[in-house]
Amino acid sequence: MIDHDSPRAIRIFLAVIALIVLVMAVFHHRPVRAHDHSRPELDGWFKSLRNKNTVPCCDGSDAMRLSDVDWDAKDGHYRVRLEGEWVDVPDSAVIESPNRAGQTMVWPYYLNGGLRGVRCFMPGSMT
């Protein structure tokens, strides 16, 4: 039988609660993925998107939707905030076709688990 009044049991209980809160906080702040499964009519459009170097934007992974505070335009160039850092968007990564999804999206790419840059970027409307 477990003695719920023992200091060890209380420490274990508090550690479990802290772990649950931490996991909930991490998953609450995960980026929202671009493909909207409630709008399957956009699937073909997403798959057709390519940057100016003709590199496909969708390679099986989805883009991240960005809030207006996580992207910026200055002097005709864009930058995005990824993993807490501002990253310049290469001009070749900007998709200039109409944004049928409406919200700003970025397709970052990673190498060996680290952020390497932006493969594609599609601005939305700044409101």
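Computed from the coordinates by the stated procedures, all read-outs in this text should not be read as laboratory data. All of these numbers come straight from a predicted model, not from anything done at the bench. Here the Cβ is made from the backbone with ideal geometry for all residues, glycine too, and neighbour counts use every protein chain on show.
What are the pairs with Cβ atoms under 7 angstrom where one residue, in region 73-97, is in contact (Cβ under 8 Å) with a residue 12 or more places away in the chain and the other, located anywhere, is hydroxyl-bearing (Ser, Thr, Tyr)? Sequence gap at least six, or different chains.
That search, which allows pairs on different chains as well, returns VAL89/TYR78; VAL94/TYR78.
Go through ALA73, ALA101, ALA63 for me and flag whichever is more than 16 Å from the chain's Cα centre (by Cα), closer than 13 Å to PRO123 by Cβ and of a type in the set (A, V, I, L, M, F, W, C).
The match here is ALA73.
Conditions first: (1) within 17 Å of GLY124 (Cα to Cα); (2) surrounded by 10 or more Cβ atoms within 10 Å (Cβ to Cβ); (3) out of contact with any helix residue (DSSP H, G or I) (no Cβ under 7 Å at 6 or more places or on another chain). ARG39 passes all but one, so which condition is the exception?
For ARG39, the exception is condition (1).
Within region 98-111, count every residue that is in contact (Cβ under 8 Å) with a residue 12 or more places away in the chain, assigned to a loop (DSSP other than H, G, I, E, B) and out of contact with any Asp or Glu (no Cβ under 8 Å at 6 or more places or on another chain).
4
Report, by residue number, each residue of region 74-104 that is closer than 15 Å to ASP62 by Cα, of a type in the set (A, V, I, L, M) and out of contact with any Leu (no Cβ under 7 Å at 6 or more places or on another chain).
If the condition is that a residue be closer than 15 Å to ASP62 by Cα, of a type in the set (A, V, I, L, M) and out of contact with any Leu (no Cβ under 7 Å at 6 or more places or on another chain), then no residue fits.
Which members of region 44-90 meet the condition of being part of a helix (DSSP H, G or I), of a type outside the set (Phe, Trp, Tyr) and in contact with a Lys or Arg (Cβ under 7 Å, 6 or more places away or on another chain)?
ASP70, the sole residue that qualifies.
Restricting to region 42-84, name every residue that is surrounded by fewer than 18 Cβ atoms within 10 Å (Cβ to Cβ) and among the small types (Gly, Ala, Ser).
Scanning region 42-84 gives GLY44, SER48, GLY60, SER61, SER67, ALA73, GLY76, GLY84.
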